[in-house]
1. Averaged over its residues, how many other protein chain Cβ atoms are within 10 Å of peptide C:84-92's Cβ atoms?
2. For the pair C:Q165/C:F93, report the inter-label distance in nm, with labels modelled 7 Å from Cα in the Cβ direction.
3. Using the Kirkwood radius over Cα pairs, work out the Stokes-Einstein diffusion coefficient for region A:183-275 at 4 °C and 1.567 mPa s, in µm²/s as a whole number.
4. Apply the Karplus curve 6.51 cos²θ - 1.76 cosθ + 1.60, θ = phi - 60°, to the phi angles in region B:293-305 and return the couplings in whole Hz, x for Gly and Pro.
5. How large is ³J(HN,Hα) for each residue in region B:101-110, as worked out from phi by the Karplus curve 6.51 cos²θ - 1.76 cosθ + 1.60 (θ = phi - 60°), to whole Hz, x for Gly and Pro?
6. What shape does the protein assembly as shown take by its C-alpha gyration tensor, where a ≥ b ≥ c are the square roots of the eigenvalues and a/c under 1.5 counts as rounded, a/b above b/c as prolate, and the rest as oblate?
7. Determine which lysines satisfy two conditions relative to A:K303: a Cα distance under 18 Å, and not lying fewer than 8 residues away in the same chain.
8. Quick one: if the Förster radius is 41 Å, what FRET efficiency do B:R228 and A:I257 give, using the C-beta to C-beta distance and rounding to 0.05?
Amino acid sequence: MAGDPTASDTPWLDTDAEPMVRVRGVTKKFGDDIIAVNNIDLDIYKGELFCLLGGSGCGKTTLLRMLAGFETPTAGTILIDGADMSTVPPYERPTNMMFQSYALFPHMSVEKNIAFGLKQDKMPGDEIDHKVHEILKLVELQDYKKRKPQQLSGGQRQRVALARALVKEPKLLLLDEPLGALDKKLREQTQFELANIQEQVGITFVVVTHDQEEAMTLSSRIAVMDAGELAQIGTPTEIYEFPESRFVADFIGSANILEGRITENSPDHVRVDTNLGEIYIDHGQSVKENSRVWIAIRPEKIKLSKTAPRKGKSTTNQAEGKVDDIGYLGNTSIYKVRLNDGLIVDVTAPNQVRPKSRSHQITWEDTVYLSWDPSSAMLLQK
Amino acid sequence: MSDTTQDMATQPADSQSSLFRQLARRIQSRWRSIILFVPYAWLLIFFLLPFFIVAKISLAEIVIASPPFSNMIEWTDEGVMNIRLVFDNFIYILTDNLYYRTYLNSLKISIISTIACLLIGYPMAYGIVRSGPVAKRLLLFAVILPFWTSFLLRVYAWMGLLADRGTINNLLISLGIIDEPIRMLYTEFAVYIGIVYTYLPFMILPLYANMERLDNTLNEAAADLGSRPMNTFFKVTLPLTIPGIVAGSLLVFIPATGEYVIPDLLGGGNVLMIGRLLFNEFSANTDWPVASAVAIILLVLLVLPMTIYQYFQGKAAEGQ
Amino acid sequence: MYGKRSTFLSVMLAFGLAFFYIPMILLVIYSFNYSKLVPVWGGWSLRWYEVLFQSEEVWNAVALSLKIALVNATFATILGTLAGLAMVRFGRFKGRTLFGGMLVAPLVMPEVITGLSLLVLFITLKQLIGWPAERGFTTITIAHITFSLAYVAVIVQARLTGMGQTLEEAALDLGAKPFKVLTAITLPRLAPGMISGWLLAFTLSLDDLVIASFVTGPGANTLPILIFSRIRLGLRPDINALATIIILFVAVCVALAALLMFYQQKRQELDQKIANQGDA
C-alpha cells in the first residue's frame, strides 16, 4: 500500500496526474445553522482506495452522499473524471454506492438484485446473465443466486451489496461503512478480501468509516475529518507517524499529549519544556522560539524499566514514576504510570514471555523509569 | 357470604390471617384464569353464540308469531327430538332476482369505491410519508381528525352538497354552467362519493404505516443503480407496499359491502345494497328466516377477504 | 435530501384534504343560516341553536348516548385489557386460536351482521330466561362493549408487544410475585394504551348508529338514532347546528390532546438535555 513509491502507486505525488474526483470548496449546510461539510478540497486518483475517516457527525457520510448525488453541495464543485456533477442526478452518475444497511431489495432474489442496475442500462439479457454470473463468482455466491436477501447471513448480504454495486463497473465505487454491520472476526477477514477485490477490478474506491484500524489496513490514503473539515490527508503511515494536530494524533491510535513551550529551536533539533521535563526531538521543525506547542508520544514508543537508565546524554528523554494501574490485554499490557507531579502517562509493552515469577515483573506501585527515543515525540502546533 | 363471616368470627386471630393468606394465594394462582375467563366468556356469549342462533333461524320456517320463526328443535309427544332443517330460505334468495341483483350491486359498488379510495389514498399516503417531520404530523392529524367526528354527520354533509338545490348545484347555476340542477343526491354516484369520503382514512392509514416502514435507502440504491424515479416507483416502492394496499383495500371493501347508512341517506331507495335490504327487512319485521339467510350469505361472501386481512395482519406482526 | 415530495403528491394531498374538509366547513357555515331551507342563504342567525337547545328529545338522546358511551368505554377497557394481556403474555393456552379470532372478527364484521345477530340473541335470551326484559340502555351497552373491547384489545396488544418484557423480568428477578408484577409494572406502563383505548371505545359508542338501531327498543333513542330519523327525511338546519357543536367539541378535544403531546415531547427533550449534561 504505502510501500514502494513508484509513480503508479502514489499518483497524488505526481503533479501532472488528472484526479478521478476533484472536490473544490464544497460546503453543505442543512438548514441555516448546521454545517455538515465545510469548504473541503480533495483530489482522489484513479485506482486509489481512499478512506474518509472520522467520528459520527464529522461530515464524512454527507461528503460521500454528495459524490453519489443524494445531496447537492450548498457551495463548491465536484468533478468526476473531469465532468461537473452539480446537475447530474444519482441515476446518471458514473458512481455506484454500497450502502451501510446494504439496501438490498427485499422482494428480489440475489440474482435480480445484482441484475437491477444492468437492466437500467438496457443491456441485453444474455450479457446481463453473463455479468451476474461472473460477479457472483468473484464474491463466491454462485450457490445463493436464487435466495432472497432475508435468507442470507450478514456477511453474504455484504457481498451481494458489493457485487450489485461492482457489476456496473462504475468509475467510482462509494462504500458507506462497508464492514460496519459485521462482527469483529468477520470484519478483519473481510477487510483483506475487500482490498483484494479492489486490486482485481481496479476501480477507484471511496470508503467511509469510523474505524481507524479498518482505514489503516484498507487504504492507499486516508482523509481524517473533524467537524465538517479535513483534519489531514495522507497515507496510513503519514497519518499515524506524522499527525499534524492533536485531534489526529489522538483519533488515530492513542497518544500521551502534553502542552509545552519551545526552549531551543535549531535546524536539526528542538527542545520543548513540558510537565515531563525537557523533551528533546531530533529533527528540526519550523516553529517560533517560546511559542506554545503540544507534544504527542505514543504509548508503545515509551520504554519501561525497573532500573534507571544511564543518565548523562542531553538527548535522552526520561522520567520516573509509579505504576498506578495495569490493563492486561493479552498480547500487550497497558501501564498507567503516575509521575511525581501527578501526571499520568500511558505506556504499552508487549507481553513477550509468559509471567512465571512475580519478581522480575512490573506490578502495582512499582517505581519505574520511562524513556523514549529522540525521534519518537511528535511536535504539534494545533 | 354469611358462612365465611361466621367462620372468621370463630377463628382465632392468627388463623384468620392465615385464611386471608390462603385466599390471597388462591387468587395468586388463579388470577391468570380469571383474566382470561372474563373476556373469553363475554365473547363466546355475545359474539359467537349469536351467529349460531342466526344460522339456526336461517334454517327455520317463517311462522306468524313473535319472534316470527319456527323452532328448529321440537320435542314430539314420544319424547323424541325432532330436528327440522329448511334450506328453502337459501334456495329462495339465490334464485330470487332482487336478492341476487342486490348482492352483485353491493359488490360492484364496494369494489369500485375501493379502487377509487386506492387511487386517491395512495398518493396522499405517499405524500405524507415524503413530508417533513412537522408537516407529517399535521397531515396525519388532518387525516385522522374526520374519523373522530360523527360518521353520520359527515354523510349528512354530503346531502347538503349534492341535493338538487344543494351547494354544488347552486354554485354551478350561479356560475351559469348549468340551467337545471343535476340530479346527484339519491343516485349511485352519491353513494360512491359517500363511501370514498367515509372510508378514505381507512385506506390512507395502513398505506402510510406500510410506507413509513420502507427504507428510503432502497430508493436511493435504485437511483444509484441508474433507475429513474418513475421506474423506481414501479419496481421498488409499489411491490413493497402491496401489504399496505391489501390491508387498506380490505378495510374499505369489507365494511363498504355491508354498508347501510350511506346507501340509505345518499342513495335513497334507488340504490340496491345488501346492508340496506337486510336492515329494512329486519326492522319491518317481516321475514326473519330469510333475512338471517341473507346475513349468512353476506358473511360467507366476506369470510374470504376477512381471512386474507387477518393473514396479512399476522404476517405484518411477525415482520415487526 | 433525495426523494422529496413531488408536485404531484402535493397536489393530491391538497385535493384530498379539501375533499375531507370542505363538506364539514359548509356544514358549519349553514348552521348559522336563518333560512329554513338549508342550502338557501337567509342571513346569519343563531336561530337553529335555540331550536336545538329547546328540544327535550335532543337532550334525552344526548344523555342516553353519553351514559352508554361512558359505561361502554369503561367495561370495554377492562375487558379489552384483560384480553390483550392474555393474548400477549400468557403464551399458549387452550382455545387461544378461537379467542384470537373472536378478538379480531368484530373489527372487520359488517355492522348489520353484528347488530342483527345480537338482536336475535337478546330475543332468544328473553324467551329462555326472561332477560333482558326490555331492550334499550342495557342491550345497546352490551352490544357496544362487544365490539369496543376488540378495538381496546388491539391497542393493548400492540403496546404490550412494543413494551417488551425486560422490566417485568427485572421485577421478577428482584423478587416480585407475578401478580405484583402485573399490578406494579405492567398495568402502569400500559396506562397510556388503556387511555387511548378508553377514548376510542367512547367515540365508537357515540358514533354507532346501525348496531344501536338493531338492539334498541321503543323509546330508547341514542343521539345517532335521533339524528338519523331526522335527516332521513331531508336536510334540517337544526342538525347542522348539532353537527357544528359536535365538530367544535371534537376539535377542542383534539387540540387539547395535541397540546398535551406537545408538552410531553418538550419535557422529554428537556429530560434529554439534563441527561446529556450529566455526560459532559
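The values are calculated or read from the model by the stated rules, or taken from the named source; none is laboratory data. Predicted model only: the values in this text are computed from it and were never measured. Cβ: placed from backbone, ideal geometry, glycine included. Neighbour counts: every protein chain shown. Heads up: the accessible areas ignore ligands, DNA and RNA and are worked out on the full protein's heavy atoms, side chains in. Shrake-Rupley method; radii C 1.70, N 1.55, O 1.52, S 1.80 Å.
1. On the way: counts 1, 4, 8, 2, 0, 2, 4, 0, 0.
The mean count of partner-chain Cβ atoms within 10 Å per residue comes to 2.
2. In this crude label model, C:Q165 to C:F93 measures out at 1.4 nm.
3. On the way: Rh = 15.6 Å.
So the translational diffusion coefficient is about 83 µm²/s.
4. For region B:293-305, the Karplus curve yields 5, 4, 5, 4, 5, 4, 4, 4, 4, 8, 4, 4, x Hz.
5. 3J(HN,Hα) across region B:101-110, in whole Hz: 5, 5, 4, 4, 5, 4, 5, 4, 4, 6.
6. Working: a/c = 2.51, a/b = 1.88, b/c = 1.33.
Verdict is prolate for the protein assembly as shown.
7. Partners within reach: A:K311, A:K313, A:K322, A:K336.
8. Values: r = 52 Å, r/R0 = 1.26.
That gives a FRET efficiency of 0.20.
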